[in-house]
Structures are given as structure tokens and as C-alpha cells.
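Engineer: One structure coming up, written as C-alpha cells, with questions to follow.
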Amino acid sequence: MQLYDIIFYLFALITLASALIVVSSKNIVYSAFSLLFTFFGVAGIYVLLNADFIAVVQLIVYVGGILILIIFGVMLTSKITDVQIKSESIQILPATIAVGIFAGILTASLLKTDWRVAFPASHDQTIFTIGRQLITGYVLPFELAGIVLLIALIGSVMIARKERS
Amino acid sequence: MLQVGLYHFLVLSGLLFSLGIFAVLTRKNAILVLMGIELILNSANINFIAFAKYGNFGFSGQMVALFVIILAAAEAAVALAIVLNIYKNFNTVHVDEIDGLKD
């Protein structure tokens, strides 16, 4: 057991345990906060995969942006003053069976497949390479992503604002 | 088997994907369904980055993961706006009670 392996198992445990709480907790606020730990664990996994920039982006965008947005959504749509903050689940038994079968098949096929593992490439300068790629090979997706973000911004404000009578 | 390699990351992302599917299938609250979708996107990102390291594809995996994160941010904003609007109109966010199209 190298240190790398121990850290991997630690982060995998954090990720899966908190994801389990997200999908099974009765209280929606607990779900939202354990989603925080899931995102942290996934960011750790990214670091282990030599993707340090993506890990930082994950922390900033997911934890700082999306999660805050989700918690705002929870606060705005649940009646905090009532006790109606619970969220019940439906069709647990059939969903458990179906997802169990699905996860079994997925894991088995992932393990059975003989992936051609290349020599693990070492990306020393991920930020440098990402910056280079964004203005050379990926310049069109980069600009399109900017347009998509702008449209999403305007569109969500348009959808969520109060109707003017 | 104890040496962590590509398979470990793939199995981790597969399990995370299944948990996300479970959340989407069973949750009544629309925001929790959204959280399940975020789990699914994260698991896909783990796959992309794992193959960027272990596959022989150069750097493309990390670039795709970056764009997935961007689109996830846009998706979360629009989805929460829709959820807020639904809450304003129906006074509930339970996806099984919003069945106005059936009538």
C-alpha cells in the first residue's frame, strides 16, 4: 500500500459515503450539505489524477457556485417555518433493484474490459497546457461556452423574475 | 489489485453514476433530482480525467471535463430558475404532483 493508494481509498470513501447520504437522507438540508463533501472528495480524486487545475475549478464552481445555488433553492422552496422540510422518496424498492442490477452490470463490464492502459502520462504544467489549448485547439468551444453562459444567465433571470402586471 | 489504477477510478465513477440514477429515480423533490444529476455529471468527469491520465489521448479529457463543469453551472442556474417558477405557480416542488398536462 503506497500513500497514493491510501489517499485514493480515503477520498473514494468520502465521496461514496456522502453521495449515499445525498440520495438517502430524509432531510433535504442534510442532502445539500453532504453534497459538499461529495464535491470535495471528487476534487481530491481529480488531484490524484494529475488534474490540479480541474480540481480547483471543481472547488470554485461546484462548491462555491452550484452548491450555494442549490442551497438557495432549498431555502426558497421549502417551508422552513413549517416542519415540511422533509423530502420523501418514492418507489424505493424497484429503484433499488434496478439500480443494483445496473451498477452490477456496469462494474462488471468495466472490470471485464481490457482497457489499453498507456504509460501514465505526466502532465507537469496543466495550467500552461490548458491555457494554450483554450486559445488554439479549443477556441471555438471556449467562445461557445461563453455565449452559453451568457444565455443561461439572461434566461434564468427571465424565467425566475416576477411577472410584471 | 490493491495497486490503484485505471479500474479503481472507473469503478468509483460507475458507483457514483448509479447513486445519481437512484436519486433521479426515487426523489420527489425537484432539487434533489437536480443533485442526482450533479452526481452523474461528476462521475462522467472522473471518467474523462481518468482516461486523460491512463489512456493515450493526450490532454483532451481534461479539456472536456472543463467544458462539462461550465455546462453544469449553466444547467444548474436554469434548472433552479425553473424550479423557483414552478414553486411560484404550483406551490410545491414535488415532481409527482406537477401533472397539469394530464388534465
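Engineer: Fewest to most neighbouring Cβ within 10 Å: what's the order for B:I40, A:I105?
Structural biologist: A:I105, B:I40
Engineer: Test of understanding: ordering B:Y7, A:Y46, A:Y4, A:Y9 by Cβ neighbours within 10 Å, fewest first, what list do you get?
Structural biologist: Fewest-to-most ranking of B:Y7, A:Y46, A:Y4, A:Y9: A:Y4, A:Y9, B:Y7, A:Y46.
Engineer: Follow-up question, since we're still on this one. Could you work out the relative contact order of chain B, using alpha carbon pairs under 8 angstrom and six or more residues apart, expressed as a whole percent?
Structural biologist: Relative contact order of chain B: 26 percent.
Engineer: Go through the range A:27-39 residue by residue and turn each phi into a ³J(HN,Hα) via Karplus (6.51, -1.76, 1.60, θ = phi - 60°); whole Hz please, and just put x for glycine and proline.
Structural biologist: For the range A:27-39, the Karplus-derived couplings read 9, 5, 5, 4, 4, 4, 6, 6, 4, 4, 5, 4, 5 Hz, x marking Gly and Pro.
Engineer: Please give the FRET efficiency for A:L10 paired with A:I159, using the beta carbon to beta carbon distance and R0 = 30 Å, rounded to the nearest 0.05.
Structural biologist: Efficiency for this residue pair is about 0.15.
Engineer: Using a 10 Å cut-off around each Cβ, can you sort A:T15, B:T26, A:T126 from fewest to most neighbouring Cβ atoms?
Structural biologist: Details: A:T15 28, B:T26 22, A:T126 17.
By the 10 Å Cβ count, ascending, the order reads A:T126, B:T26, A:T15.
Engineer: A further question follows. If I model the range B:44-92 as equal point scatterers sitting on the Cα atoms and use the Debye formula, what is log10 I(q)/I(0) at q = 0.21 Å⁻¹?
Structural biologist: Those come out to -0.69, one per q.
Engineer: Please compute the Kirkwood hydrodynamic radius of the range B:6-103 from all pairs of different C-alpha atoms, in Å with one decimal.
Structural biologist: 15.0 Å
Engineer: So what is the diffusion coefficient of the range A:1-106 in µm² per second by Stokes-Einstein at 4 °C and 1.567 mPa s, using a Kirkwood Rh over Cα pairs?
Structural biologist: Answer, rounded: 83 µm²/s.
Engineer: I'd like to know how the range A:123-165 sits against the 2.2 N^0.38 Å rule of thumb: what's its Cα Rg over that expected value?
Structural biologist: Normalised by 2.2 N^0.38 Å, the Cα Rg of the range A:123-165 equals 1.82.
Engineer: Please report the base-10 log of the normalised intensity I(q)/I(0) for the protein assembly as shown, using a Debye sum with one equal scatterer per alpha carbon and no solvent, at each q in 0.10 (1/Å).
Structural biologist: -0.55
Engineer: Pairs of Cα atoms under 8 Å, at least six residues apart: use those to get the relative contact order of chain A, whole percent.
Structural biologist: Relative contact order here is 18 percent.
Engineer: Pairs of lysine in the protein assembly as shown with Cα under 24 Å and at least 8 positions apart or on different chains: total?
Structural biologist: Here the count comes out as 14.
Engineer: Only helical DSSP H runs with n ≥ 4 go in: add -39500 (n - 2.57) per run for chain B, normalise by residue count and round the 222 nm mean residue ellipticity to 500 deg cm²/dmol. Mind showing how you got there, number by number?
Structural biologist: On the way: 3 runs with 77 residues, N = 103.
It comes out at -26500 deg cm²/dmol, rounded to the nearest 500.
None of the figures in this text is laboratory data; all of them are computed from the coordinates on show. Bear in mind that the values here come from a model prediction, so they are computed numbers and not experimental data. Ideal geometry is used to build each Cβ from the backbone, glycine not excepted, and the neighbour counts take in all protein chains shown.
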